[in-house]
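Take a look at the structure set out below.
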2 protein chains.
Amino acid sequence: MASRTNGGSSNGPVDKGADFANYFCTYAFLYHQKEMLSDRVRMDAYYNAVFQNKHHFQGKAVLDVGTGSGILAIWSAQAGARKVYAVEATKMSEHARTLVQANNLQDIVEVIEGSMEEVVLPEKVDVIISEWMGYFLLRESMFDSVICARDRWLKPSGVMYPSHARMWVGPIRSGLVDQKKNDYEAAMDDWYGFLEDTKDYYGVDMSVLTRPFSNEQEKYYLQTSLWNNLHPNQVIGTAAVIKEIDCLTASVNDILEVKSSFSSAISMAPTRLCGFAGWFDVHFRGRGEDPAQKEIELTTAPSSNTGTHWGQQIFMLHPPVHVDEEINLDVSFSMNRSKENHRLMEVEFDVKISKSSGKILPPINKKFYIE
Amino acid sequence: MASRTNGGSSNGPVDKGADFANYFCTYAFLYHQKEMLSDRVRMDAYYNAVFQNKHHFQGKAVLDVGTGSGILAIWSAQAGARKVYAVEATKMSEHARTLVQANNLQDIVEVIEGSMEEVVLPEKVDVIISEWMGYFLLRESMFDSVICARDRWLKPSGVMYPSHARMWVGPIRSGLVDQKKNDYEAAMDDWYGFLEDTKDYYGVDMSVLTRPFSNEQEKYYLQTSLWNNLHPNQVIGTAAVIKEIDCLTASVNDILEVKSSFSSAISMAPTRLCGFAGWFDVHFRGRGEDPAQKEIELTTAPSSNTGTHWGQQIFMLHPPVHVDEEINLDVSFSMNRSKENHRLMEVEFDVKISKSSGKILPPINKKFYIE
C-alpha cells in the first residue's frame, strides 16, 4: 500500500501565501492601477465626494484602506486633512510614496506597507476612506479589511467614505447567452474529436471523462458570471435592491451571506429573459449627526453613456426564456463565499415565472460562480 | 509613527499555499490535460518510447511522476508493467483513477494523490516515467520532483523515461520584434494621455511614475520571453546545445543554473537578428547496461510541419540587428530561477557580434524573464 498526502487545497483558515498569490499580486502592477484611475465614473465620484465635503477632511486624521497608487490619500490631504495614513499591502506602496513626495505631501500622507489587519496607527482617525468595491460589490471580500480598520481605528464620531452601499439585481436580455452556448458546444465537439483520436492513435478510451469534462466546461462557459457593461434597454424588468450596507455599522457576519427575495415584472414583450445582471452603488452621505454637505453617488448600473471598470456581473439562463406576454418573476437570490477561496463567490437563483394569463412555467434553479 | 508589517511576498523557502495557487491549479483542469494530450509530437514520442521498448516495462514496477490524467501510467500497464504507481499532486488524480478503472487496469495502476516529495511507496521501482518538461525545458522546475523520486524510489539498476534532455539556443528573425515594440509604444502613448487627464481633471501630477510604469511595460512587452512555434527558416544561424542532462545522474544543483558560451555564424544576409529562440529535446535511450531497443527522440525544435504545445521561447533583441554581411556571434548565456517564484526563470544574454569584414559591433547585454 502506498501512503497519501494532502495536495494542499485550502479549506481551512486563509493561507496567506496563496491569498497573496491569488489576489494581491494584481494590484502590484501600475497597469492595473491605471485601469482603475482611468475609470471616470469612479474617479469623479470620489473626487467630488472629497472636494465637495471638505469639512469632513479639514484638520482631520484620515485612514485610506488599500491606497494603491495613493490617489485618495493625496486628495484627502489636498482637501485639508492634518494627517493621512495610507495603508497598502502590496509593493505599490513604494509608488504611492513616490507620488506623495512628488506632490509635496510627505508631511501629511504617511504610506504604510502592510495588511490592514496588522498595521498599528499612532492615533484614531476621523475619516476612513477606501475604494474597496469588487465586482458585484463583494467579490474580493475587501470590505472585511475596511470593517477591521473601522472597528480598530475609527473614532466614535468618525465618518466612512463611502458611507453606504447597495447591491442590485435585474432581469436582462443579452446575446451573450447564445455566444456562450456556442462556445460550450464547440468545446464539446472538440472533445468528441479528441476522444476518437486518443482511442484510434493511442489505444486509450477516455470517454469516461466526458461527464467531468462537460461539467468543467459548463462551469466555465455557462455557470461563471460574465463581465459586461450593459445598455439600460437590456434590462427588461424592474430591478431590485437585494442588499443594503451601512458602512458604519455592518459586521463581517452581515456580509458573509446575501439572501433576498424579490419580484420583478417584465412588461416588454416579446423578448427573451436571458438571465440577470448584478451591480452596485455606493453613497457618500457622511454620518447622521455629521452629514455630507453634498451627497455623492457612485453607481455601476447599466448606463447609456459611461460604463465602469466594474461593469455588471451577468448570470445567464440556459436556455433563455421566451417572453411572449407580460410575466412576473419571483426570485430567491443567495450569495455565499466560495469555500476554496474566500474572495470568490457562489450565487444561487430560484426563479418562479407566472404569466399574466395565469400560466406558471416550470421553476428555474441555477448556481453560478463569480470567479 | 506607524508600524509596518511584511506584505507577504515570498523570498524564503517555498510557500506551499502560494505554490499551489500559482502552479498546480492549472493542472487540475481537464481542459489543460486535453491540450497536452492533443500534442501529437509529445504523445507519439512517449507512446513509441513505451511500446517500442516493452522489455523495460514487462513485469516491472513503474513510477509515473505527475501522472495528470494517467495516460503514461496506463500505457506502462498496457506495455506489461506488473505495478504502476501514478503520483499526482492535484485533484486530477480523481480523474486518473476513473480512467484507470474504465480501462480495467485498477489492479495494476495505483493512483496516489500527493506531492512526490511526501509520498511513500511500498517498494522501489524499475522505471520512472514522467512528462516533466516545461517551457524551455526547465520552467516549472518540475524536474526537481523527478530527481527526488529517482533518489528515493528508483532501484540501482532502474531506467529513466526520458533518459536524457538537452537545451538549445539559436539566433532568429521574427516579426514579433516589431509587434511587441509597437505594443509597448502604444502602451506608453496611452500613459501620456492618462497623465494629462489625471492632472487636468483630478489635480494630481503622476508623471513621477512614468519611469516605473515604462519599466513595468518594458518588462511585459520587451523583456518577457514569448511563446512561438517558429518555422525552421526563421532560425538564421547555427543553433547550439547549451545544456545536457543525464536524467539518471543529474542533481538539483546541476540544473539550478544553466551557463553556456557558444558561437553562432549567420551566413544568411541580408537579414535581421531579432533575437534568440530556446527549445529542448529529450531522448529515451534506456540506460547504458540496459539500453532501449528503439531510441526515441522528442524534439520541440522549430519544425515546418508539426509544432508542439511547448513551442519555443523567444528572447527578442530591441532593436534588432541588421545583418548585411556574414557575421559571427559569441554568446554567453545564463539562466537562473526567479527569486520570487522558483518555478519561473531569469535569463541573460551577452552577445558579441563580429562581421566577416572584421568590424566589431557594440556588445549587447539583455535580461529576460520566462514567466
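Listed values, structure above:
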quantity: For the stretch A:272-318, convex hull of alpha carbons as volume per residue, Å³; calculated: 106 Å³
quantity: Virtual spin-label span in nm between B:GLN106 and A:SER332, 7 Å along Cα→Cβ; calculated: 3.8 nm
quantity: Of B:ASN48, B:ASN215, B:ASN328, the one that fluctuates the most in a GNM where chain B has Cα springs shorter than 10 Å; calculated: B:ASN215
quantity: Relative contact order (%) - criterion: Cα under 8 Å, at least six apart; region: chain A; calculated: 17 percent
quantity: Amide H contacts under 5 Å for B:ILE112, placed H, 5+ residues apart; calculated: B:ALA86, B:VAL87, B:GLU88
quantity: Test item: Cα-centred dipole of the stretch A:234-371, Lys/Arg +1 and Asp/Glu -1 on Cβ, debye; calculated: 360 debye
quantity: For the stretch B:275-371, with +1 on Lys and Arg beta carbons and -1 on Asp and Glu, the positive-most of B:THR308, B:PHE276, B:ASN341 along the dipole; calculated: B:ASN341
quantity: Other copies of A:ALA269: label-to-label distances in nm, shortest first, labels 7 Å along the beta-carbon direction; calculated: 8.0
quantity: Charge dipole (debye, nearest 20) of the stretch B:123-228; +1 at Cβ of Lys and Arg, -1 at Cβ of Asp and Glu; calculated: 860 debye
quantity: Förster radius 51 Å - calculated FRET efficiency between A:MET268 and B:TYR31 (Cβ-Cβ, nearest 0.05); calculated: 0.85
quantity: The stretch B:145-291, Cα convex hull volume normalised per residue, Å³; calculated: 181 Å³
quantity: GNM result for chain A, Cα springs below 10 Å: residue of A:GLY193, A:GLY114, A:GLY66 fluctuating most strongly; calculated: A:GLY193
quantity: Spread of Cα-to-Cα distances over 5 Å intervals beginning at zero, given as percent, for the stretch A:90-219; calculated: 2, 7, 11, 11, 11, 9, 6, 6, 8, 9, 8, 6, 4, 2, 0
quantity: At 1.567 mPa s and 4 °C, Stokes diffusion of the stretch A:254-362 via Kirkwood alpha-carbon radius, µm² per second; calculated: 77 µm²/s
quantity: Net charge of neighbours whose Cβ lies under 10 Å from the Cβ of A:LEU209, counting Lys and Arg as +1 and Asp and Glu as -1; calculated: 0
quantity: Principal-axis tilt of helix A:143-153 within chain A, Cα atoms, nearest 10 degrees; calculated: 20 degrees
quantity: Order of A:LYS359, B:LYS366 under a 10 Å beta carbon neighbour criterion, fewest first; calculated: A:LYS359, B:LYS366
quantity: Calculated from backbone phi, Karplus (6.51, -1.76, 1.60) coupling profile of the stretch A:261-275 in Hz, x at Gly/Pro; calculated: 10, 8, 10, 9, 9, 10, 9, 8, 10, x, 7, 10, 7, 9, x
quantity: Dmax and Rg, reported as Rg then Dmax, of chain A (C-alpha, Å); calculated: 23.6, 77
quantity: Alpha carbon centroid spacing (whole Å) that separates the stretch B:176-201 from the stretch A:126-175; calculated: 32 Å
quantity: Helix-only mean residue ellipticity at 222 nm for the protein assembly as shown, each DSSP H run of n ≥ 4 adding -39500 (n - 2.57), per residue, nearest 500; calculated: -8000 deg cm²/dmol
quantity: Three-way shape label, the stretch A:29-164, alpha-carbon gyration tensor, a/c 1.5; calculated: rounded
quantity: Inter-copy label distances at B:GLN52 (7 Å, Cα→Cβ; nm, one decimal); calculated: 7.6
quantity: Alpha-carbon Rg/Rh ratio, for the stretch A:301-371, with Rh computed the Kirkwood way; calculated: 1.06
quantity: Residues of type lysines that A:LYS352 reaches as a straight line, Cα spacing below 26 Å, ignoring anything fewer than 8 places off in the same chain; calculated: A:LYS180, A:LYS181, A:LYS219, A:LYS243, A:LYS259, A:LYS366, A:LYS367
quantity: Size of electric dipole in the protein assembly as shown: Cβ of Lys, Arg +1 and of Asp, Glu -1, about Cα centre, debye, nearest 20; calculated: 320 debye
quantity: For B:VAL323, distant residues with modelled amide H under 5 Å away; calculated: B:THR271, B:ARG272, B:LEU273
quantity: Residue-by-residue Karplus 3J(HN,Hα) for the stretch A:217-228, coefficients 6.51, -1.76, 1.60, Hz, glycine and proline x; calculated: 6, 4, 4, 5, 8, 10, 10, 9, 5, 10, 8, 7
quantity: Relative pair counts by distance (%), Cα atoms of the protein assembly as shown, 20 Å bins; calculated: 15, 39, 36, 10, 0
quantity: Cβ-based exposure ranking for A:TYR192, B:TYR47, in which fewest neighbours within 10 Å come first; calculated: A:TYR192, B:TYR47
quantity: Position B:GLN293, label points 7 Å along Cα→Cβ, spacing to each other copy in nm (shortest first, one decimal); calculated: 9.1
quantity: Most mobile of B:SER267, B:SER174, B:SER225 in a GNM of chain B (Cα contacts under 10 Å); calculated: B:SER267
quantity: Cα centroid of the stretch A:73-102 to Cα centroid of the stretch B:303-371, whole Å; calculated: 41 Å
quantity: 5 angstrom amide H check on B:HIS164, placed H, neighbours 5+ away; calculated: B:CYS247, B:HIS283, B:ARG285
quantity: Rg(Cα) / (2.2 N^0.38 Å) computed for the stretch A:141-181, rounded to two decimals; calculated: 2.05
quantity: Phi-based couplings in Hz for the stretch A:294-303 (Karplus 6.51, -1.76, 1.60; Gly and Pro marked x); calculated: 9, 6, 10, 10, 10, 10, 10, 5, x, 9
quantity: Over the stretch B:274-347, relative contact order from alpha-carbon pairs under 8 Å, at least 6 apart, %; calculated: 28 percent
quantity: For the stretch A:172-272: relative contact order, % (alpha-carbon pairs under 8 angstrom, 6 or more apart); calculated: 32 percent
quantity: Exposure proxy ranking, count of Cβ atoms within 10 Å, fewest first, for B:HIS95, A:HIS164; calculated: A:HIS164, B:HIS95
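Bear in mind that the values in this text are calculations on the coordinates, not laboratory data. What you see is a predicted model; the values in this text were computed from it and never measured. Every residue, glycine among them, receives a Cβ derived from its backbone with ideal geometry; neighbour counts consider all protein chains shown.
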